[in-house]
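Q: Sending over a structure as structure tokens; questions will come in a sec.
Nothing in this text is a laboratory measurement; each read-out follows from the coordinates by a stated rule. What you see is a predicted model; the values in this text were computed from it and never measured. Glycine also receives a Cβ, built like all others from the backbone with ideal geometry; neighbour counts cover every protein chain displayed.
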Amino acid sequence: MSENLLEINHLVKHFPIRSGLLRRVTGQVQAVDDVSFAIKKGETLGLVGESGCGKTTVARTLLRLIEATSGNVYFEGTDVLKASRRDLKALRRKMQIIFQDPYGALDPRRTVAESIAEGLVIHNIGDRQSQFAKVQSVMEKVGLSPTLLERFPHEFSGGQRQRIGIARALVMEPSLLVLDEPVSALDVSIQAQVLNLLRDLQAELGLTYLFVAHNLAVVEYISTRIGVMYLGKMVELAPRAELFQRPLHPYTKALSAAVPRPRPNMPREKIVLQGDVPSPANPPKGCRFHTRCWMAKDICTQVEPPLEEKLPNRWAACHFWDQVS
Ligand code: SF4
């Protein structure tokens with residue numbers, strides 16, 4: 001039996017561009033284009049890339065918060081994208097998402113207890129007494145005192161609200177947590193606390209994480225493996241340590257060079273990426289990174305490099321991967 005909890009095959013999500021009085025479709029934003037990866041039980045896959053690279057669209061599409069254009073998403077062997085409404089409801093219990101803005105995800109008129117219990121009520125799990133007991137238990141797990149149960153979201157700090165967001169997900173006893181920029185809105189000191197909490201919960205509860213973030217340092221801290229996305233494509237996928245020791249894609253190398261390291265005196269190659277990320281409505285031909293790549297050659301402007309296993313467990317989409325590091 002496969003040890004993968006989640007398998008994503010050839011996922012595509014294009015958003016139509018409409019214009020004119022009749023709102024005719026005049027183009028497509030290629031937000032996610034043929035992305036495939038798997039997540040093993042108990043691991044954390046970090047998905048990283050600049051704003052607009054498609055990482056958040058991947059996260060939301062696999063949960064069917066937005067519908068995919070094509071592809072397959074298997075969760076514990078069931079194709080999420082083809083699941084009936086009833087099956088999807090059952091799947092969503094096991095696949096929970098945590099958003100960047102916990103305040104936006106919380107109803108300001110509901111107490112913390114009501115917010116955390118919401119999923120149990122929707123799914124009709126247990127009676128009021130057992131729901132209350134579960135809410136108390138997850139509050140403690142995320143480091144919030146159950147004495148705060150009757151408070152409202154505005155009475156909490158950003159870090160506490162994110163803990164409430166985590167408690168809302170955990171109360172459903174999920175096996176997969178999709179974390180969409182979960183610490184980006186928090187102060188750096190609070191970010192570390194929330195990341196440590198997530199690590200502890202993973203160890204205690206055997207959770208599997210898909211961790212989406214634009215900050216490579218944050219992704220490096222928490223991930224087992226890292227997927228790097230650029231303009232709707234996965235360009236590199238590798239175990240964390242190997243990705244930083246020897247990047248096989250120039251974009252990964254550039255992102256990695258921008259991460260501050262604990263030993264600032266260590267010589268490090270300085271790479272400044274030129275230009276902006278091209279529009280996903282009109283991506284460059286050939287390798288999508290060629291307009292910003294300092295290693296680009298003629299072939300890069302014509303032939304798109306496929307994502308291939310270049311070394312054991314090391315996937316990269318670059319014609320010249322062996323010359324990157
Ligand atoms: Fe750069 Fe060419 Fe590799 Fe693309 S295929 S990343 S343009 S060297």
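Q: Within region 220-256, name every residue whose backbone N is under 18 Å away from a label modeled 7 Å from Cα of LYS297 along the Cβ vector.
A: 248-251
Q: Could you line up HIS214, HIS123 from fewest to most neighbouring Cβ atoms inside 10 Å?
A: Neighbour counts put them in this order, fewest first: HIS123, HIS214.
Q: Counting only DSSP beta bridges with both residues in the chain, what percent are antiparallel, rounded to the nearest 5?
A: 65
Q: Ok, one more. Have a look at ILE190, GLY42, PRO305 and report the one farthest towards the positive end of the charge dipole of the chain, computed about the Cα centre with Cβ charges (Lys/Arg +1, Asp/Glu -1).
A: In the chain, that residue is PRO305.
Q: A further question on this structure: Under the rule a/c < 1.5 gives rounded, and otherwise a/b versus b/c splits prolate from oblate, where does the chain land using the Cα gyration tensor?
A: prolate
Q: Modelled label-to-label distance, SER279 and GLU150, 7 Å Cα→beta-carbon offset: nm?
A: It is 5.6 nm.
Q: Another question, then. Along the Cα→Cβ direction, 7 angstrom out, place labels at ASN124 and GLU309. What is the inter-label distance in nm?
A: Using points 7 Å along Cα→Cβ, the separation is 4.5 nm.
Q: Do the sum for the chain: with -39,500 (n - 2.57) for every DSSP H run of n ≥ 4, divided by all residues, what is the mean residue ellipticity at 222 nm, to the nearest 500 deg cm²/dmol?
A: It lands at -9000 deg cm²/dmol.
Q: Whole-Hz Karplus ³J(HN,Hα) for region 28-43, in order, using 6.51 cos²θ - 1.76 cosθ + 1.60 and θ = phi - 60°, x for Gly and Pro?
A: Listing the rounded values in order: 9, 8, 8, 5, 9, 10, 6, 9, 10, 6, 9, 10, 7, 4, x, 9 Hz.
Q: Can you tell me the dipole magnitude for region 176-279 around its Cα centre, using point charges on the Cβ only (Lys, Arg +1; Asp, Glu -1), in Debye to the nearest 20?
A: It works out to roughly 480 debye.
Q: In whole Hz and in residue order, list the ³J(HN,Hα) couplings for region 154-168 that follow from phi through the Karplus curve 6.51 cos²θ - 1.76 cosθ + 1.60, θ = phi - 60°; x for Gly and Pro.
A: 5, 7, 10, 7, x, x, 5, 5, 5, 5, 5, x, 5, 4, 4
Q: Label region 1-113 by shape, choosing from rounded, prolate and oblate, from the square roots a ≥ b ≥ c of the eigenvalues of the Cα gyration tensor; if a/c is under 1.5 it is rounded, and otherwise prolate applies when a/b is larger than b/c, oblate when it is not.
A: Cα axes put region 1-113 in the oblate bin.
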